[in-house]
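Participant: Before I ask anything, let me first share the structure, which is written out below as structure tokens.
The values are calculated or read from the model by the stated rules, or taken from the named source; none is laboratory data. Values in this document were obtained by computation on a predicted structure and should not be read as measured data. Counting neighbours? That spans all protein chains shown, and the Cβs are built from the backbone with ideal geometry, glycine included. Surface areas here come from the heavy atoms of the whole protein model, side chains and all, with no ligands, DNA or RNA. Shrake-Rupley method; radii C 1.70, N 1.55, O 1.52, S 1.80 Å.
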Amino acid sequence: MENIIEVNNIVKVYGNQTAVDGLDFNVIKGEIFGFLGPSGSGKTTMIKILTGQLLPTSGTATVFGEALSQLKKPEVKKRFGVLTDNSGLYDRLSIHENLKLYCQLYDIPFSAIEEVLDSVNLKEEKAKKISALSKGMKQRVVLARTLLHAPDLLFLDEPTSALDPVNTRHIHKGLQALNAKGTTIFLTTHDMEEADSLCDRIAFLDKGKIQLLDTPAKLKKSHSDSTVTIELKNEEIVVLPAGSEGAERLFEFMKTDQVATIHTNEPSLGDIFVQMTGRELA
Amino acid sequence: MNVSIKRMSAIFQKDLKDFSRNLAVSVVIFLPLFIAAIYSRMGVDSLASHYMIFNMTFALTATYVQCCLIAEEKEKNTLRGLMLSPASTADILGGKSLLSFVLTMLIIFFSAVLAEYQPANIAIVALALVLSSFFYIAVGTLLGLWAKSVMESSVIVLPVLGIFSFGSFAVPLAEQYPILKVLVYFPNHQLFEIATKVELGTAIGSMWSHFAIILLWTLVAVALTVIVYRKQTKD
């Protein structure tokens with residue numbers, strides 16, 4: 001498997017505060033890699049380092065096999081797209097005019113605008129001025145701008161933080177479709193459901209360090225207590241322990257036809273994070 | 001250096017559309033034309049008055065407008081978007097300067113027409129005006145990169161407006177206040193010296209020092225601008 005990003009012992013210190021503290025990880029070509037953590041955990045700092053906006057204090061990293069110092073080359077910049085929570089738009093211009101500028105900067109045909117606006121559900125609004133849009137719509141325009149040049153690698157920093165559930169779902173579908181075409185996605189979020197539904201692998205970041213890194217399924221499995229919750233037909237809820245004692249009681253309930261539903265008790269990613277750090281994601 | 005005319009042109013077109021819809025800033029460029037029209041009606045036809053208008057055009061259009069354009073890009077985080085695109089430093093700074101340059105040249109041309117200024121040697125004067133505009137645009141870019149907001153840029157540009165528009169008027173006081181002798185080396189005064197020598201029919205060979213001083217100011221301003229810009233590309 002080809003690594004599209006390789007990070008080796010990256011440290012970033014601001015004054016006397018360590019934002020990222022010796023991070024080591026790889027992002028495999030074609031995957032959606034989730035970088036999860038609370039605000040201030042170092043997620044955005046890492047995106048800035050990997051996109052050449054910030055120099056690390058120490059450590060090395062490569063993107064597409066290129067060292068961080070080479071990320072300013074136009075041919076490298078054309079291969080990645082970045083969406084951050086403070087990406088700006090030209091308020092006095094329309095959606096179409098904003099995207100047209102980026103078509104010219106990336107040397108791509110204007111026909112790409114229609115396609116990308118369709119993917120973020122804004123095709124009908126293209127003539128609207130940015131100043132007339134809601135925060136969520138602006139977020140979708142920024143996303144459209146990020147997707148415009150069909151990058152091989154997408155850095156998305158909290159891409160759905162300002163969106164309602166309908167548009168969030170629409171964006172998730174778009175990202176999954178893009179990923180299916182081969183785009184690698186590096187996603188930061190503190191939305192555990194988003195990470196669970198989108199990511200192939202996730203890294204839990206806290207206090208600048210990676211605390212866990214695996215697939216969502218393996219993380220949940222490794223933190224599961226192996227209990228089973230059953231709901232009886234009389235609406236009573238019973239939690240059965242793992243092992244022969246639980247199996248005997250389950251057999252008993254089933255034999256007497258009392259079982260309405262059965263669920264294995266897997267922790268959510270949020271539960272795992274709280275278990276690991278002792279604090280909630282925010 | 002990586003320069004793309006296509007990318008510079010894209011930024012210019014965007015700026016032109018954006019500027020035409022930004023009345024708060026765009027009305028400022030008409031002030032020199034207004035003053036030129038008044039001077040014309042009053043019959044004021046001295047070289048000093050023409051160059052006061054030209055220097056005001058430089059301060060208002062080349063420096064102030066440029067400063068606002070850059071500061072707004074910074075304030076709204078759109079400059080970061082440009083920096084992350086394949087556009088190079090030269091594409092962005094060049095593209096962002098084109099609108100100010102075109103507007104400055106147009107306003108100077110129409111001011112000259114309104115004020116009925118006809119230089120004895122238009123080529124030398126045009127060269128001096130173009131070179132001066134590069135200096136003022138570089139100063140505008142530098143101040144815009146330095147300012148945190150458009151509001152702040154409107155304030156920090158005021159000394160430039162004062163010194164470079166009206167500074168020449170203080171030169172006669174240099175005998176009394178020796179510190180003012182420094183004003184003689186300012187690009188606005190050098191431009192006026194060139195214009196005066198042109199009217200006297202002096203050969204271009206004897207004007208090279210004035211061009212050299214303006215060029216030196218321009219190179220220093222451009223170098224500082226590039227350094228500050230490159231620092232802005234990294235957090």
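Participant: Rounded if a/c is under 1.5, else prolate if a/b is larger than b/c, else oblate: which is segment A:61-202, with a ≥ b ≥ c the root eigenvalues of its Cα gyration tensor? Display every interim value, and only then the final one.
Facilitator: Numbers: a/c = 1.71, a/b = 1.12, b/c = 1.53.
Oblate shape, in that a/c is at least 1.5 and b/c is the bigger or equal ratio.
Participant: Roughly how much of A:HIS190 is accessible, in Å² to the nearest 10, using a 1.4 Å probe?
Facilitator: Using a 1.4 Å probe on the heavy atoms, I get roughly 70 Å².
Participant: Now, a different point. If the only charges are +1 at each Lys and Arg Cβ and -1 at each Asp and Glu Cβ, what is the size of the charge dipole of the protein assembly as shown around the Cα centre, to the nearest 20 debye?
Facilitator: Working: 48 positive and 51 negative charges, 336 e Å.
In total the dipole reaches around 1620 debye.
Participant: Between 0 and 90 degrees, rounded to the nearest ten: what's the tilt of helix B:122-146 against the longest Cα principal axis of chain B?
Facilitator: Tilt of helix B:122-146: around 40 degrees.
Participant: Provide the gained length on full extension for the span B:ALA120 to B:GLN176, in nm with one decimal, where the gain is 0.36 nm per separating residue minus the Cα-Cα distance. Could you put the intermediate results ahead of the total?
Facilitator: Details: separation 56, 0.36 × 56 = 20.16 nm, distance 3.36 nm.
Residue separation times 0.36 nm, minus the Cα-Cα distance, leaves 16.8 nm.
Participant: Same structure again: In chain B, if every C-alpha pair distance is counted and binned at 10 Å from zero, what percent goes to each bin?
Facilitator: Here the calculated profile for chain B is 8, 32, 35, 20, 6, 0.
Participant: Another question, if that's okay. For segment B:62-131, which trypsin sites (Lys or Arg not before Pro) pass both filters: DSSP loop (anything but H, G, I, E, B) and at most 12 other C-beta atoms within 10 Å?
Facilitator: Filter output for segment B:62-131: empty list.
Participant: Evaluate the Kirkwood expression for the hydrodynamic radius of the protein assembly as shown, namely the inverse of the mean inverse distance over all pairs of different C-alpha atoms, and round to one decimal in Å.
Facilitator: Details: mean 1/r = 0.0374 Å⁻¹.
Averaging 1/r across every pair of different Cα atoms and inverting gives 26.7 Å.
Participant: Here's a follow-up. For B:SER26, what accessible surface area do you get with a 1.4 Å probe? Give it in Å², rounded to 10.
Facilitator: About 10 Å², rounded to the nearest 10.
Participant: Across chain A, where is the longest run that never hits trypsin sites (Lys or Arg not before Pro) in a DSSP loop with at most 14 other C-beta atoms within 10 Å?
Facilitator: Numbers: sites that count: A:LYS181, A:LYS233, A:ARG279.
With trypsin sites (Lys or Arg not before Pro) excluded where exposed in loops, chain A gives A:1-180 as its longest stretch.
Participant: Once a ≥ b ≥ c are taken as the square roots of the eigenvalues of the Cα gyration tensor of segment B:93-222, is the result rounded (a/c under 1.5), prolate (a/b larger than b/c) or oblate (a/b not larger than b/c)? If you can, show how the numbers build up before the last one.
Facilitator: Values: a/c = 1.74, a/b = 1.24, b/c = 1.40.
Verdict is oblate for segment B:93-222.
Participant: Rounded to the nearest 500 deg cm²/dmol, what is the calculated helix-only ellipticity per residue at 222 nm for chain B, with -39500 (n - 2.57) per DSSP H run of length n ≥ 4? Kindly include the intermediate steps, with their values, before the conclusion.
Facilitator: Working: 12 runs with 166 residues, N = 235.
Calculated from helices alone, the mean residue ellipticity at 222 nm is -22500 deg cm²/dmol.
Participant: For an R0 of 41 angstrom, estimate the FRET efficiency from the Cβ-Cβ distance between B:PHE30 and B:VAL3 and round to the nearest 0.05.
Facilitator: The value I calculate is 0.80.
Participant: Calculated from DSSP H runs of 4 or more alone, at -39500 (n - 2.57) each and per residue, what is the 222 nm mean residue ellipticity of chain A, nearest 500? It would help to have the intermediate numbers written out before the result.
Facilitator: Details: 10 runs with 97 residues, N = 282.
Helices in chain A give a 222 nm mean residue ellipticity of -10000 deg cm²/dmol.
Participant: Ok, one more. Mind pulling the angle between the C-alpha long axis of helix A:244-255 and the longest principal axis of chain A? Nearest 10 degrees, somewhere in 0 to 90.
Facilitator: The answer is roughly 80 degrees.
Participant: Give me the accessible area per residue for the protein assembly as shown, probe 1.4 Å, as a whole number in Å². The partial results should precede the final answer.
Facilitator: Numbers: 23890 Å² over 517 residues.
On a per-residue basis, the protein assembly as shown sits at 46 Å².
Participant: Looking at B:LEU143, B:VAL125, B:THR89, which one has the Cα that reaches farthest to the positive end of the dipole of segment B:88-235 (charges on Cβ: Lys, Arg +1; Asp, Glu -1)?
Facilitator: B:THR89
Participant: To continue, here is another question. Check cross-link reach from A:LYS220 to the lysines: straight Cα distance under 27 Å, and skip same-chain residues fewer than eight apart.
Facilitator: Filter leaves A:LYS29, A:LYS43, A:LYS173, A:LYS207, A:LYS209.
Participant: Further question: At 1.4 Å probe size, what's the solvent-accessible area of A:GLU6? Round to the nearest 10 Å².
Facilitator: Roughly 70 Å² of A:GLU6 is accessible to a 1.4 Å probe.
Participant: Antiparallel as a % of all DSSP beta bridges within the protein assembly as shown, to the nearest 5?
Facilitator: Numbers: 31 of 49 bridges.
Roughly 65 percent of the DSSP beta bridges within the protein assembly as shown come out antiparallel.
Participant: Still on this model: How big a patch of accessible area, both sides summed and in Å² to the nearest 100, lies buried between B and A at a 1.4 Å probe? Provide the component values of the computation, followed by the final result.
Facilitator: On the way: alone 12060 and 14560 Å², together 23890 Å².
Accessible area lost upon association: around 2700 Å².
Participant: Counting other Cβ atoms within 10 Å, keep those with at most 16, restrict to DSSP loop, and tell me which trypsin sites (Lys or Arg not before Pro) in segment B:178-235 are left.
Facilitator: Details: sites: B:LYS181, B:LYS197, B:ARG230, B:LYS231, B:LYS234; in loops: B:LYS234.
Of the trypsin sites (Lys or Arg not before Pro), the ones in loops of segment B:178-235 whose Cβ has at most 16 other Cβ atoms within 10 Å are B:LYS234.
Participant: Identify all lysines with a Cα-Cα distance to B:LYS76 below 20 Å; exclude those on the same chain that are fewer than 8 residues away in sequence.
Facilitator: A:LYS48, A:LYS100, A:LYS128, A:LYS129, A:LYS135, A:LYS138, B:LYS14, B:LYS17, B:LYS96, B:LYS148, B:LYS231, B:LYS234
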